[in-house]
Amino acid sequence: QASELLIQYLTVPYLRIPLVMNFFTDPIRINALASPQLQNIVDACLFERGIWQSEYSKEIPIVVPCSTKHHLSTPCGLLFNELIKSPQTLITSLIKMLQLALELDVGRFTTQNSLVILYILRLAVRV
């Protein structure tokens, strides 16, 4: 059920970043980030460039659904756009993930927990 929810989140172009980040703020789901495949999915979601917007302003669609995806374009990428337009959800999710990573620390090296902790730290630094 959780994997179906994640796949649904990946199909929503403009809301993908906050939905996916919020998905992994669950104490049980955070452990799934030990998987390199899921790490790659989160990285692709956050750091994809998206459609390039060359002009300063863009035309607002009149009919929904639109025939093009030009209204979803950004001048600097989706993550940068998210940080400028609505950073609260992204930053809150990232802080929650860091707190969960701290809770996973048992004081010694364990493969599962260490992979999750190191990935979340790398993710926070890159954002």
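The values are calculated or read from the model by the stated rules, or taken from the named source; none is laboratory data. Please read all numbers here as calculations on a predicted model, not as lab measurements. No Cβ is skipped: glycine too gets one built from the backbone with ideal geometry, and neighbour counts run over all protein chains shown. The area values use the complete protein model at the heavy-atom level, side chains included, leaving out ligands, DNA and RNA. Shrake-Rupley method; radii C 1.70, N 1.55, O 1.52, S 1.80 Å.
If you take the residues of the stretch 32-50 that are open to solvent by 50 Å² or more (accessible area, probe 1.4 Å) and either touching a residue at least 12 places away in the same chain (Cβ under 8 Å) or not in a helix (DSSP H, G or I) (or both), which of them is farthest from Leu121 (Cα to Cα)? Don't jump to the end; show me each part of the working.
Quick first cut of the stretch 32-50, residues open to solvent by 50 Å² or more (accessible area, probe 1.4 Å) only: 36-37, 40-41, 44, 47-49.
From the residues that got through so far, the ones that are either touching a residue at least 12 places away in the same chain (Cβ under 8 Å) or not in a helix (DSSP H, G or I) (or both) too are 41, 47-49.
Details: Ile41: 16, Phe47: 16, Glu48: 19, Arg49: 22 Å.
By that ranking, first place goes to Arg49.
Per this entry, Leu100 is counted among residues that are farther than 19 Å from Phe47 by Cα, open to solvent by less than 50 Å² (accessible area, probe 1.4 Å) and either in a helix (DSSP H, G or I) or of a type in the set (S, T, N, Q) (or both).
Taking Leu72 as the residue in question, decide whether it is more than 16 Å from Arg126 (Cβ to Cβ), open to solvent by less than 80 Å² (accessible area, probe 1.4 Å) and at pLDDT below 70. Criteria met by Leu72.
Scanning the stretch 3-31 for residues that are open to solvent by 40 Å² or more (accessible area, probe 1.4 Å), within 23 Å of Leu102 (Cα to Cα) and touching a residue at least 12 places away in the same chain (Cβ under 8 Å), we see that the one that is nearest to the chain's Cα centre (by Cα) is Asn22.
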